[in-house]
1. Exactly one of these conditions fails for residue A:359: (1) open to solvent by 10 Å² or more (accessible area, probe 1.4 Å); (2) within 16 Å of RNA strand B (Cβ to nearest atom); (3) of a type outside the set (Val, Ile, Thr); (4) in contact with a helix residue (DSSP H, G or I) (Cβ under 7 Å, 6 or more places away or on another chain). Give me its number.
2. Just to verify a result, which residue in region A:394-433, among those that are more than 16 Å from RNA strand B (Cβ to nearest atom) and of a type in the set (Ser, Thr, Tyr), is farthest from residue A:484 (Cα to Cα)?
3. Pairs under 7 Å by beta carbon, first residue aliphatic (A, V, I, L, M) in region A:834-846, partner open to solvent by 30 Å² or more (accessible area, probe 1.4 Å), six or more apart or different chains?
4. Within region A:853-925, considering only helices (runs of 4 or more DSSP H) that don't extend past its boundaries, which have at least 2 residues that are within 10 Å of RNA strand B (Cβ to nearest atom) and open to solvent by less than 40 Å² (accessible area, probe 1.4 Å)?
5. So is residue A:828 of a type outside the set (Phe, Trp, Tyr) and within 16 Å of RNA strand B (Cβ to nearest atom) or not?
6. Can you tell me which condition residue A:589 does not meet? The list is (1) open to solvent by 50 Å² or more (accessible area, probe 1.4 Å); (2) within 26 Å of residue A:387 (Cα to Cα), and all the others hold.
7. Working only within region A:373-393, note down all residues that are more than 10 Å from RNA strand B (Cβ to nearest atom) and not in a helix (DSSP H, G or I).
8. Residue A:242: open to solvent by 40 Å² or more (accessible area, probe 1.4 Å) and aliphatic (A, V, I, L, M), yes or no?
Amino acid sequence: MQRPQDIPSVYSPEETEAKWYPAWESRGSFKPRPNGDRTAFTIVIPPPNVTGSLHMGHALNNTLQDVLVRWRRMKGDAALWVPGTDHGGIATQNVVEKLLKKEGKTRHDFSRDQFLERMWAWRKESGDTILHQLRRLGCSLDWTRTRFTMDEASSRAVAAAFAAFFERGLIYQGVRLVNWCPRCATALSDIEVEHEERSGFLWHIRYPFADGRGDVVVATTRPETMLGDTAVAVNSSDERYAGQAGRMIRLPLMDRPIPLVADDAVDSAFGTGAVKVTPAHDATDFEIGARHGLPHERVIGFDGKMTSRAGAFAGLSIKECREKVVAALEAQGFLVKVEPHRNAVSICYRCSTTIEPLESSQWFLKTSAMADAAARATEEGRVQIHPASWAKPYVAWLRNNRDWCVSRQIWWGHQIPVWYCLDCGDYSDEKIRRIREDPAFKNESVKSILREGARRPIVQSDPLSACPHCGGTNVVRDPDVLDTWFSSGLWPLTTLGWPDETEALRRHYPTSVLATGHEILYLWVARMVMMGLALRNDIPFRDVFIHGIVRDKQGRKMSKSLNNVIDPLDIMKKFGTDALRFALVSQASPGRDMQMADDNFVGARNFANKIWNASRFVMMNLNGHRPEAIPLADRSPVDRWVVQRFADTLSEVNAYLTQFDPAQAARALYGFFWNDFCDWYIELVKPLLTGAETDPAGIAARSARQTLSEVLDGVLRALHPIMPFITEELWHALWSTLGTSPTGLLMDGPFECPWSDPLSDDEDRRGLALVQEAVTALRTVRSDMNVPPGKRIAVLVNLTGASSATKQRLSRLASHIVHLAKIADWRVVESGECSRPPQSASAVVGDFEVFIPLEGLIDFAKERVRLEKWKADAASSLVRDEERLTNPEFRQRAPADKVAEIETRRTETKAQLARLDAFLRALAG
RNA sequence: GGGCGGUUAGCUCAGCGGUAGAGCAUUCGCCUUACACGCGAAGGGUCGGGGGUUCGAAUCCCUCACCGCCCACCA
């Protein structure tokens, strides 16, 4: 073991971090301890998508979880944190497709199996990177339980869940208008669609009546869809169109007759009150169409191009088509006017491409009953959301949620566990030919043929070779995959072994906490609660801990395209992992987003260094000394004071962590360690430990050493959940310095206060407050009068007007003041006359005064300024207090202790002012 | 169109009913035998505007302004 004095004065994290992670893991400390009477504390990781590597948001999310898990583990719980990654559906497939694009290829240059091979290769690479990063972050995950949303067990669970929902009639297949991303070439669920305000135009188009008598003007933001119009609708109560419903209109450009219908979905106040109706390409119009039995004209295809139904415009992109339609309308005199218009455009949450509502054959999950159960779980307090302000929007979302489109037209994911038999289904030879000719189902409509022909879809997860109904071997599996959030929604179940009734499931489900950012509250959290309740009749977790999003210095979300991402690994290398963790935790105020920049990490790095050096100091002074039991009663007031302060801090930390406010916990620890422990306590005990007059065997020194080691031990424990590496390192160094190398690990706990009752009385706190006030006052005088830092000063203390409590405290604690304020000559006058020495500065401390003779150093002008300012502050404080105390209502209504407090303060301030006045008079005279 | 959150020292943010706080930055001193990634001292805010409740409001209520999110089928 290195001697403490040989430990370098700058903490270098690399070695420490490399050493302790394997030590923790190899000793099995990441695994939950056997049950016994331990409470299970369980967190299942929000599995990062295998789209690359972890960013700052992941670092925050996982650090917060690690803080909670380490804390509960140290407190004695059987703590389990389950690691894993998510296949990430569209997001991950997009990443790999981008890589293929660089090779000049698309996925259709490969067979489905070949493409999936590429996907698996990528997922290995990305998954490994992510799990490595979690280790670097110090996450105390039980690696023996590492899971992936597409591993065998998960796939089994997904198929089981699908089958269970199917049997209960909750899953159905149908042709609906869905959100289609032409770029990703897949349908999306409603929450996967984002909205963006864009400035566009509102085109007013004249639609003439077929009989040549008059016309109606419709307003639209999407003129190209008029090619697929099958009606015009007006509100039935709109007098402008009274009696017109039922008349036929001749659709411009297409020269088709379409009816004018009355429908109350139309808002008379908007535009002209007449709406063109395109049931195949607009959600509202789809419903209007259904109510009026209108035909659907599909003019936009799944590829984002105009279909053959678009006549002369077939084959054009939507954008080109819009331009040409508008030009044609104008040329033919149908365009009435164009006005600027801001509207919300739907865009894909994965690639920001404009979403097209398209009719398509998809699988849906009926969610109304499930969502209702989930909403009740939160309303009844079984699933609590922290901070609670998120509960309202969360429940509201659940309450008006529509069926969930769970099928996706990509290849990467859980293929729908449904098979179709071409032998006993309703398939003509022509249909079978079309199905066989397009094994990849590139043509979406072929899938409809497949699905619609099935008399009995066969739901089962294992590959099917023969139809269970007719024994036919012409079976085809549904080509779609499930929404990635379907398997994510099952995550708390699948990670613990569901659908099998495992020991882990019994012990750890429901889990304790789910920690996540608010951006996936609906997308993920809501789904887990719904599915947990539906499939296991129990909530998946009791507390949802929502943290903010990490933003850049300008408050922007971090993204690769903005080039403002901070890589956690870079920060770890530059500042150390503990500094990264501390910076993240201390800024993660509940529910608030945070702006991250280098400054934050510098401060945290400095804190780590402070811990390092304070520990060095303690160890240097402990070297060769064994721990001994010294009752707190036998220790000095400063020892008892720091012990009290630490005990207070620790209970604050426990309270804050219980309330899911780790930022406050971090700040409390920072304040205690730096201000109380380092700036005051260590400085206070230094003279007891070093120097010629010190008695190393005396009770004062022994007591101080014992207190130093106990408080350091305690504060390292308290800091460990946030800064695991440096604390583990120093804790071992501390104990080996004490000659009793521990066999255990700091991370194993306990997390508790070493003293059962440190809060005996308030006297030590008052005494230390007096010392601090006196020292600060004297230091201020020194600084203001430019007394050379090394120069010792004389102080005359006038206690003639002081209380007996003050006199006693001062006699007990004066040595501390003498030392910290560098005083050579400390004289006290307790009674009788005390005359102010000439050439001296003066200060008021509590209920007494001090004079500092400064011959040759005193600057009376400066002294006057200083005293005047002091006086002004005191005077304004007195005015405020007087105002209150002379107000009868204050005396009558304010609590008695508050009145008493202010009265006391008034008395003190008055005495202080009198002293300051006397000082100023002396200065003048 | 609804809902939520923010507006506090130059910057980033705490505080959320009893005389305004931290870190960074700034100014002045200091290599004081743990730490210059440090120590000591100082300056700096009518807590977005306006009303109200209260003995007392940065803190509670109303309202306005600006900023940011989320939700919503006004073409």
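1. Among (1) open to solvent by 10 Å² or more (accessible area, probe 1.4 Å); (2) within 16 Å of RNA strand B (Cβ to nearest atom); (3) of a type outside the set (Val, Ile, Thr); (4) in contact with a helix residue (DSSP H, G or I) (Cβ under 7 Å, 6 or more places away or on another chain), residue A:359 violates only (4).
2. Residue satisfying both the conditions and the ranking: A:428.
3. From region A:834-846, the pairs are A:844/A:912; A:844/A:915; A:845/A:773.
4. Per the criteria, A:860-886, A:896-924.
5. no
6. Evaluating residue A:589 over (1) open to solvent by 50 Å² or more (accessible area, probe 1.4 Å); (2) within 26 Å of residue A:387 (Cα to Cα) leaves (1) as the failure.
7. Selection gives A:380, A:381, A:382, A:383, A:384, A:385, A:386.
8. Answer is yes for this residue.
The values are calculated or read from the model by the stated rules, or taken from the named source; none is laboratory data. All values derive from a computational prediction rather than experimental measurement. Counting neighbours? That spans all protein chains shown, and the Cβs are built from the backbone with ideal geometry, glycine included. What goes into the accessible areas is simple: the full protein's heavy atoms, side chains included, and nothing from ligands, DNA or RNA. Shrake-Rupley method; radii C 1.70, N 1.55, O 1.52, S 1.80 Å.
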